[in-house]
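Take a look at the structure below.
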Amino acid sequence: MEFNNSQIRRQDRLLDEERAMEIIKEGEYGVLSMQAEDGEGAYGIPVSYVWDRGNSIYIHCAPAGKKLRCIDACHKVSFCIVGKTKVIPDKFTTAYESVVLECTAHRSLHEAERMSALSLLLSKYCPNDKIRGIEQANRSFARTEIIRLDIGRISAKSKHMPQE
């Protein structure tokens with residue numbers, strides 16, 4: 001996993017690595033972007049996710065569908081997480097933070113890794129109901145696919161407005 005902002009056109013808007021990692025950890029959702037399954041376009045979809053605090057992001061979904069067909073056709077994906085944003089109408093602009101991850105997607109993971117990912121997702125989104133969540137995960141395990149996104153490169157950008 002490499003943090004690399006060298007390809008960002010606006011070098012005056014770089015976001016530092018520490019803040020980028022906070023956004024990855026704390027983000028509520030991300031947008032998974034893939035090549036369309038027929039290779040003739042793109043497909044992007046917002047998804048809940050969890051970061052393992054290492055090299056991977058985990059996403060859960062149904063065991064069939066367009067997202068999985070796209071990944072089967074091309075494992076290279078992009079994952080974007082947006083941090084704080086604020087529209088500033090009188091300045092005709094928006095303050096923002098965003099992180100873009102270049103990843104390789106993997107599916108059909110081993111059962112232990114899938115259950116571990118579900119546990120991480122429950123810890124993030126349902127920390128006060130984790131025991132009931134694990135029970136639910138066990139009941140619906142056969143109907144749940146987990147996608148692992150192995151992070152290759154991270155870039156991050158922001159536009160902050162001066163305080164007035």
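Of the residues examined, residue 132 is not one that is under 26 Å from residue 82 (Cβ atoms) and open to solvent by 60 Å² or more (accessible area, probe 1.4 Å). With respect to being open to solvent by less than 50 Å² (accessible area, probe 1.4 Å) and assigned to a strand (DSSP E or B), residue 149 fits the description. Residue 108 meets each of the listed conditions (1) open to solvent by 30 Å² or more (accessible area, probe 1.4 Å); (2) within 23 Å of residue 19 (Cα to Cα); (3) polar (S, T, N, Q) apart from (2). Name the single residue, out of those in segment 10-45 being exposed (fewer than 11 other Cβ atoms within 10 Å of the Cβ), farther than 21 Å from residue 94 by Cβ and not charged (D, E, K, R), that is modelled with the lowest pLDDT. The extreme case among them is 39. Within segment 62-101, count every residue that is open to solvent by less than 50 Å² (accessible area, probe 1.4 Å), assigned to a strand (DSSP E or B) and out of contact with any Lys or Arg (no Cβ under 6 Å at 6 or more places or on another chain). Matching residues across segment 62-101 total 10.
For segment 46-59, the criterion of being without any contact (Cβ under 8 Å) to a residue 24 or more places away in the chain, open to solvent by 40 Å² or more (accessible area, probe 1.4 Å) and of a type in the set (A, V, I, L, M) is met by no residue.
Pairs meeting the criteria (first residue in segment 109-124 and over 16 Å from residue 140 (Cβ atoms), second residue among the polar types (S, T, N, Q), beta carbons under 9 Å, at least 6 apart or on different chains) are 124/48.
Would segment 106-129 turn up any residue that is touching a Cys at 6+ places or on another chain (Cβ under 9 Å), at pLDDT 95 or above and assigned to a strand (DSSP E or B)? Within segment 106-129, not a single residue is touching a Cys at 6+ places or on another chain (Cβ under 9 Å), at pLDDT 95 or above and assigned to a strand (DSSP E or B).
The values are calculated or read from the model by the stated rules, or taken from the named source; none is laboratory data. These numbers were taken from a predicted model, which means no experiment stands behind them. Reconstructed Cβ throughout: ideal geometry from the backbone, glycine too, with neighbour counts over all protein chains shown. Heads up: the accessible areas ignore ligands, DNA and RNA and are worked out on the full protein's heavy atoms, side chains in. Shrake-Rupley method; radii C 1.70, N 1.55, O 1.52, S 1.80 Å.
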